[in-house]
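Enquirer: Following this message is one structure expressed as structure tokens.
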Amino acid sequence: MTLHPPPGADPRALTLVFDAVTHEVRTHRVQFFLRSDWAGGVAAQVPRPLAVGDSAHTVFQLNLGPPRAGGAWGPLLQAGAHHILEGADHLLFLLMLMVVAPLVARRGTWAGARRARDSWREVAIIVSAFTLGHTLTLVLGSTGVLRPPASWVEVGVAASIVLAAWHAARPLWSGAERGMALAFGLVHGLAFSASLSGAGLTVGQHAQALLAFNLGIEAAQLGLVALALPALLLAQTAGDVAYARLRLGLAGLGGALALWWVAERLDVPLPWQLPEPTAFTPVGALLALWAVALLTRGRGRGRAVRPAVR
């Protein structure tokens, strides 16, 4: 049912009288939740408990507080950023593609180096392709058009890291990272959509929620990419051999971690459990990446760097 306040009443402060079932079944309990409140900044979140009714409690004073400036935009931007910052598997996938951005594939090997500005351009293409893919399925998933089993989506996310790590170790084909960013962006978008639901929102509010949530994802993603790529470019100046060791080390570590996640998400019996991706912090990962890049640069100092490929 839909209840409307009388003319002149404050729709954010109401008295709710409800005694259905409880007046006949004294042991019955009724729970009231706030599912969405766009003006109050509540949208696409876990429903908030408001009150519990029983045979002795049938009148409830509910006060939603004053409207919030900007409505739910602020919380949704934060939710999108928080989701990507907690999603170490999403960031690991991008890192596996970024680590080869300064390189050029030739005849099945990483055989050449790009100039720094060309590396930035390549990363911009990769990130744009990933954004295009996950935006499409974020829209389709959050509106209910696509509803694949969540467990299989999580397996697909981990499997995408395995393939990206393989490509980082030995190129599948020239430019494969662009296609993988777009294709697997579709899979990652379905994982993002699990955190965004249009329940209780109008069509217009849901469209705004999608935009705000996606902008939060992109802001966090671009910020982390902008901090990670300089470390890779710094390590590249140490020379081909030193950078190859870094690349293979990252590919091996990322691929092994992703394979473990695939096995866990398929419920394969394992001798022990690794922490879920949410246990890894981007700040710690960035610090570790910079430390390794500086160490690589220090050890490779004095070695020749291969000419940049145009």
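The values are calculated or read from the model by the stated rules, or taken from the named source; none is laboratory data. Values in this document were obtained by computation on a predicted structure and should not be read as measured data. Glycine gets a Cβ as well: all are built from the backbone with ideal geometry, and neighbour counts include every protein chain shown. Ligands, DNA and RNA are excluded from the accessible area calculation, which covers all protein heavy atoms including side chains. Shrake-Rupley method; radii C 1.70, N 1.55, O 1.52, S 1.80 Å.
Enquirer: Expressed as an acute angle from 0 to 90° and rounded to the nearest 10, what is the orientation of the C-alpha long axis of helix 176-193 relative to the principal long axis of the chain?
Expert: 20 degrees
Enquirer: Where does the range 22-75 land on Rg/Rh, using Cα atoms and the Kirkwood Rh?
Expert: With Rh from the inverse mean 1/r over Cα pairs, Rg/Rh is 1.13.
Enquirer: What list of ³J(HN,Hα) couplings, whole Hz, do you get for the range 155-163 from phi and the Karplus terms 6.51, -1.76, 1.60, once you set θ to phi - 60° and write x for glycine and proline?
Expert: Once θ is set to phi - 60°, the couplings for the range 155-163 become 5, x, 4, 5, 5, 5, 5, 4, 5 Hz.
Enquirer: Moving on to the next point. At R0 = 22 Å, how high is the FRET efficiency between residue 266 and residue 194 if r is their beta carbon distance? Nearest 0.05 is fine.
Expert: Details: r = 18 Å, r/R0 = 0.83.
Result of the calculation: an efficiency of 0.75.
Enquirer: Taking a spot 7 Å from the Cα of residue 3 along the direction of its beta carbon, which residues of the range 42-58 have an amide N less than 14 Å from it?
Expert: 50-54, 58
Enquirer: For residue 281 paired with residue 215, estimate the spin-label separation in nm (one decimal), with each label point 7 Å from Cα along the Cα-to-Cβ line.
Expert: 2.8 nm
Enquirer: I've got another one for you. What span do the alpha-carbon atoms of the chain cover on each of the three principal axes, reported in whole Å from largest to smallest?
Expert: So the three principal-axis extents are 83, 46, 34 Å.
Enquirer: Just from its helices, what would the mean residue ellipticity at 222 nm be for the chain, if runs of 4 or more DSSP H residues each count -39500 (n - 2.57) and the sum is divided by every residue, rounded to the nearest 500 deg cm²/dmol?
Expert: The helix-only estimate for the chain comes to -19000 deg cm²/dmol at 222 nm.
Enquirer: To the nearest 0.05, how large is the calculated FRET efficiency for residue 145 and residue 291 if R₀ is 51 Å and r is the Cβ-Cβ distance? Walk me through the numbers on the way to the answer.
Expert: Details: r = 44 Å, r/R0 = 0.86.
With R0 = 51 Å, the Cβ-Cβ based efficiency is 0.70.
Enquirer: With θ taken as phi - 60° and the coefficients 6.51, -1.76 and 1.60, list the Karplus ³J(HN,Hα) couplings across the range 38-45 in order, rounded to whole Hz; mark glycine and proline as x.
Expert: Those phi angles translate into 4, 5, x, x, 10, 7, 6, 10 Hz.
Enquirer: Can you give the charge dipole size of the chain about its Cα centre, rounded to the nearest 20 debye, using +1 on the beta carbon of Lys and Arg and -1 on the beta carbon of Asp and Glu?
Expert: That gives a dipole near 1720 debye.
Enquirer: Mind checking the per residue accessible area of the range 1-147 for me, 1.4 Å probe, whole number of Å²?
Expert: Ligands and nucleic acids excluded, the figure is 56 Å² per residue.
Enquirer: May I pose another question? Taking 0.36 nm per residue of separation and subtracting the Cα-Cα distance, what length does fully extending residue 68 through residue 178 add? Walk me through the numbers on the way to the answer.
Expert: Values: separation 110, 0.36 × 110 = 39.60 nm, distance 4.08 nm.
Separation in residues times 0.36 nm, less the Cα-Cα distance, equals 35.5 nm.
Enquirer: Here's something else I'd like to know. Keeping the other protein chains in place, figure out the carbon and sulfur percent of the accessible area of the range 181-262, with a 1.4 Å probe.
Expert: 78 percent
Enquirer: Sort 237, 15, 2 from largest to smallest accessible area, using a 1.4 Å probe on the heavy atoms of the protein chains.
Expert: I get 2, 15, 237, largest accessible area first.
Enquirer: Quick one: helix 116-142 against the long Cα principal axis of the chain, what's the angle to the nearest 10°, folded into 0 to 90?
Expert: Value to nearest ten degrees: 30.
Enquirer: HN-Hα J couplings of the range 239-249 from phi, Karplus 6.51/-1.76/1.60, θ = phi - 60°, integer Hz, Gly and Pro as x?
Expert: x, 4, 5, 5, 5, 4, 5, 4, 4, 5, x
Enquirer: Between residue 51 and residue 117, 0.36 nm times their residue separation minus their Cα-Cα distance comes to what?
Expert: Going from the current span to full extension adds 18.0 nm.
Enquirer: How much accessible area does residue 131 have with a 1.4 Å probe, in Å² rounded to the nearest 10?
Expert: The value for residue 131 is about 30 Å².
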